[in-house]
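Please read the structure below before turning to the comments.
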Amino acid sequence: MKHILYILCPFVIIMNISAQNFIGMNKVEISKLMTVNHPDFVYVDDAVNKAYKYMKYTDQDGNQTWLFFLSADEHCTVSKLICDYMHYDRLTASLDKTYKKAGTNSWSFNDKGIDYIVEIRKDEWFFSIITKKK
């Protein structure tokens, strides 16, 4: 039974990634949600950038990095999940199930009266899922 849980756990976590909306949350709220809903991601304190304030989380395998860009008052304005292509099919299927298709590699949704856009940007070695207000 334990072995089945170890096998299924990453799939459950990956499927929940696309449905989580962090926009508008403060640092404490993001930290709490990441600890509870995404325990395979750990906070990385080496994220130093003079142009942007952000929080950085990586998964234990190093295949996914989640960045939360923060406003001056430390509320999330954009989230960016950077993934290895091994997660592409599973995550795009999850986005298709969760959100309304808005174009090639983009989806939209409304949360508490606010419209959001989710975009996939493809690079050579990785892809990014970016969530922001429309």
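For segment 16-106, the strands (runs of 3 or more DSSP E) that sit wholly inside it and include 2 or more residues that are farther than 20 Å from Ile120 by Cβ are 41-44, 53-59.
For segment 87-117, enumerate the residues that are among the aromatic types (Phe, Trp, Tyr) and closer than 17 Å to Ser128 by Cα. Walk me through how you get there before you give the answer.
Just the residues of segment 87-117 that are among the aromatic types (Phe, Trp, Tyr), to begin with: 88, 99, 107, 109, 116.
Result: Tyr88, Tyr99, Trp107, Tyr116.
Of the set (1) closer than 20 Å to Met55 by Cβ; (2) crowded, with 16+ Cβ neighbours inside 10 Å, all apply to Glu74 but (2).
Just so you know, all these numbers are worked out from the coordinates, no wet-lab data involved. Since the structure is predicted, the reported quantities are computational estimates derived from the model, not experimental observations. Note that we place each Cβ from the backbone using ideal geometry, even for glycine, and neighbour counts take in every protein chain shown.
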